[in-house]
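J.: One structure, as structure tokens, below. Some questions next.
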Amino acid sequence: MSSQNLPKPDSAKNMTLIGHSDQGGRPDGVQLMVNKGHAFVGHMFSKGFSVIDCTNPRDPKPVTYVAAPPNTWNIHLQTYGDLLLVIHAKDMFAAAEFQDEKAYYKGALGEKVGTAQAAAAPKARDWSAGLAVYDIKNPKEPKQIGFMPVEGGGVHRIWYTGGRWAYVSVLLDGFTDYIFMTVDLADPTKPVAGGKLWLQGMNTAAGEKISWPANKRFGLHHATVSGDTAYGAWRDAGLVMIDVKDRANPSLILHKNWSPPFNGGTHNCVHLPDRNLLIVVDEAVLDDYEDGFKPIWLFDVREPTNPVSISTFPTPQEADYRHKGGHYGPHNIHENRPDAFVSSTTIFATMQNAGIRVYDIKNEYRPEETAWFVPPTPPKLIDRRPNRPLVIQSCDVYVDKEGLIYSNDYNGGLYILDYKG
């Protein structure tokens, strides 16, 4: 897309749009990775994943679309080296029971999907559940080489940065929600489930009883791994730190929850080992600010058994995003993957209807916002759920080694940005 035809932002500071793609007519995106000059994008509503050639970031070109199996979503994926890992799970947002998204974000998901009871009385499933492995030596032609099936709702999100082990959140039969699991990729053509960890009360098949309010989601969104520690974002249960020194037998280090009084929805954790800091994001999940203030936290983790919150990131001030419609507040942050841009002072985040934001945390007690880019209203809705507003919902952000920023949206396509900070 030529520069004169690029979408004009609603607002921007210190960030310039250099490329945009509608991803081959599938402009909806959730997680994205950049590998070998190509963006790999999991779709929320277009039933599969796409590959976009970004070797010329000013002219990104969609090259491949891989359809998902029926009733299955592939919204999250990871790439490293020559491997692409893609989740298979029940397509929640296409299911009748989740057309009002409040039903997805409140209460035990396993009870609604039927997995909490299915260990005793397995149900026929009309979706694919598990983890797919692709060879991407040629990024334009992903070739599936392996699949690890699971019994249950499926895998939600993955952390994989090469080597033998991947780490997933997985909804298994007999559990109330997503738990932590390691995956052995010693042979990528035959991925094997490894060790598991959950919070006491989640394993209904073993007779455990929940001890938290029934309207809360005590389930793992995903964990990122730094050294031998997995930092788990456990939605309404906050932070769960896990010792993964023995990958086949993970063990609990600590569980720390700040909801209440704060509003839950913990979504990402990123460890900054050189500064003994941990960034933790609470996701805004409901329209019109219904779930209230969701911070991006900065924790001091010098004493790993006692993380202390020392600051929160500033909130956007240049417009009234609380009343814009849709979700306002954090979703994802760039997770400092070793094959991408890594910084312990410059942090990139998506704020949904407030676009992509950049923060300077050189002073960890006083984070400052240094840049933003708020895309325009998308041309049309790809989100097929009823009563969805036509507003930008910036979803994921990835920064490559050269510092180019890639971000996507539920409806608006892929944005490639240059940061001027």
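J.: Give, in nm to one decimal, the length gained when the segment between residue 209 and residue 144 is fully stretched (0.36 nm per residue of separation minus the Cα-Cα distance). The partial results should precede the final answer.
T.: Numbers: separation 65, 0.36 × 65 = 23.40 nm, distance 3.95 nm.
In short, 19.5 nm is gained.
J.: How do 149-158, 409-418 rank on mean C-beta neighbours within 10 Å, highest first? Intermediate results must be reported in sequence, preceding the final value.
T.: Working: 149-158: 23.0, 409-418: 25.0.
The packing order, highest mean first, is 409-418, 149-158.
J.: Starting at the first residue of region 43-49, write each ³J(HN,Hα) from the Karplus equation 6.51 cos²θ - 1.76 cosθ + 1.60 with θ = phi - 60°, in whole Hz, x for Gly and Pro.
T.: 8, 7, 10, 9, 6, x, 9
J.: Just going by the charge dipole of the chain, with Lys and Arg at +1 and Asp and Glu at -1 on Cβ, which of 270, 18, 156 is farthest out on the positive end?
T.: Positive-most Cα among the choices belongs to 156.
J.: Quick one: Karplus J couplings for region 142-154, per residue in order, coefficients 6.51, -1.76, 1.60, θ = phi - 60°, nearest Hz, x for Gly and Pro?
T.: Those phi angles translate into x, 10, 5, 10, x, 8, 10, x, 10, 8, x, x, x Hz.
J.: Here are labelled values, [x] 18.1; [y] 24.3; [z] 21.9, and one is the computed mean projected area of the Cα convex hull in nm² for what I pasted. Which one?
T.: Checked against the structure: label [x].
J.: Right, another one. What's the exposure ranking of 234, 212, going from fewest to most Cβ atoms within 10 Å? Before the final figure, lay out the partial values.
T.: Numbers: 234 29, 212 17.
Arranged by neighbour count, lowest to highest, 234, 212 become 212, 234.
J.: Positive end of the dipole of region 3-419, charges at C-beta (+1 Lys, Arg; -1 Asp, Glu), about the Cα centre: which of 127, 408, 310 has its Cα farthest in that direction?
T.: In region 3-419, that residue is 127.
J.: Something else: Working out 0.36 nm times the residue gap between residue 13 and residue 63, then minus their Cα-Cα distance, what length gain in nm do you get to one decimal?
T.: On the way: separation 50, 0.36 × 50 = 18.00 nm, distance 3.15 nm.
Residue separation times 0.36 nm, minus the Cα-Cα distance, leaves 14.8 nm.
J.: Cα centroid distance between region 82-145 and region 362-414, in Å?
T.: 24 Å
J.: Placing +1 at every Lys and Arg Cβ and -1 at every Asp and Glu Cβ, with all other atoms neutral, what dipole size does the chain have around its Cα centre, in debye to the nearest 20? Please list the in-between numbers first.
T.: Working: 42 positive and 47 negative charges, 76 e Å.
It comes to approximately 360 debye.
J.: Apply 1/(1 + (r/R0)^6) to the Cβ-Cβ distance of residue 82 and residue 249, taking R0 = 22 Å, and write down the FRET efficiency to the nearest 0.05.
T.: Values: r = 29 Å, r/R0 = 1.32.
FRET efficiency, residue 82 to residue 249: 0.15.
J.: I've got another one for you. For 97, 335, what's the fewest-to-most ordering of other Cβ within 10 Å of each Cβ? All intermediate terms of the calculation are to be shown ahead of the outcome.
T.: Values: 97 11, 335 21.
Ascending number of Cβ neighbours within 10 Å: 97, 335.
J.: Ranked by Cβ crowding within 10 angstrom, fewest neighbours first, how are 327, 88, 43 ordered? Don't jump to the answer; show the numbers that get you there.
T.: Working: 327 29, 88 22, 43 26.
So the ranking, lowest neighbour count to highest, is 88, 43, 327.
J.: Compute the relative contact order of region 1-53 as a whole-number percentage, counting only Cα pairs closer than 8 Å that sit 6 or more residues apart in sequence.
T.: Once normalised by length, the contact order is 24 percent.
J.: Using only the alpha carbons, work out the radius of gyration and Dmax of region 290-331 in angstrom.
T.: 13.9, 41
J.: Can you give me the long-range amide H partners of residue 162? Hydrogens built in the peptide plane at 1.01 Å from N, cutoff under 5 Å, separation of 5 or more residues or another chain.
T.: none
J.: Related question: Find how much the distance from residue 186 to residue 95 grows on full extension, using 0.36 nm per residue of separation minus their present alpha carbon separation; answer in nm with one decimal. If you can, show how the numbers build up before the last one.
T.: Values: separation 91, 0.36 × 91 = 32.76 nm, distance 3.52 nm.
My answer for the length gained is 29.2 nm.
J.: Which aspartates and glutamates have a Cα lying under 15 Å from the Cα of residue 143, excluding residues fewer than 8 positions away in the same chain?
T.: Candidates past the 8-residue exclusion: 82, 135.
J.: Which entries of 47/256; 90/216; 90/140; 196/256; 362/401; 209/256 have Cα-Cα distances beyond 30 Å here? Walk me through the numbers on the way to the answer.
T.: On the way: 47/256 36 Å; 90/216 21 Å; 90/140 26 Å; 196/256 19 Å; 362/401 20 Å; 209/256 20 Å.
Long pairs (Cα-Cα over 30 Å): 47/256.
J.: Let me have the relative contact order for the chain, percent, based on Cα pairs under 8 Å that are six or more residues apart. Mind showing how you got there, number by number?
T.: Details: 1201 pairs, mean separation 64.8, N = 421.
Over the chain, the number comes to 15 percent.
J.: Can you work out ³J(HN,Hα) from phi for every residue in region 286-296, in order, using Karplus 6.51 cos²θ - 1.76 cosθ + 1.60 and θ = phi - 60°, giving whole Hz and x for Gly and Pro?
T.: 10, 5, 6, 6, 5, 8, x, 5, 10, x, 9
J.: Charges on Cβ only, +1 for Lys and Arg, -1 for Asp and Glu, centred on the Cα centroid of region 291-421; of 392, 343, 379, which one is farthest towards the dipole's positive end?
T.: Value computed over the given set: 379.
J.: Same structure again: Enumerate the amide H contacts of residue 381 below 5 Å, restricted to partners 5 or more residues apart or on another chain; note that Pro and chain-start residues carry no placed amide H.
T.: none
J.: When the dipole is taken about the Cα centre of region 240-380, and only Lys, Arg (+1) and Asp, Glu (-1) are charged at their Cβ, what size is it in debye, to the nearest 20? Display every interim value, and only then the final one.
T.: Working: 13 positive and 19 negative charges, 37 e Å.
For region 240-380, the charge dipole is close to 180 debye.
A short reminder: the numbers here are calculations on the coordinates, not readings from a lab. The model shown is predicted, which means the values in this text are computed figures rather than measured ones. Glycine also receives a Cβ, built like all others from the backbone with ideal geometry; neighbour counts cover every protein chain displayed.
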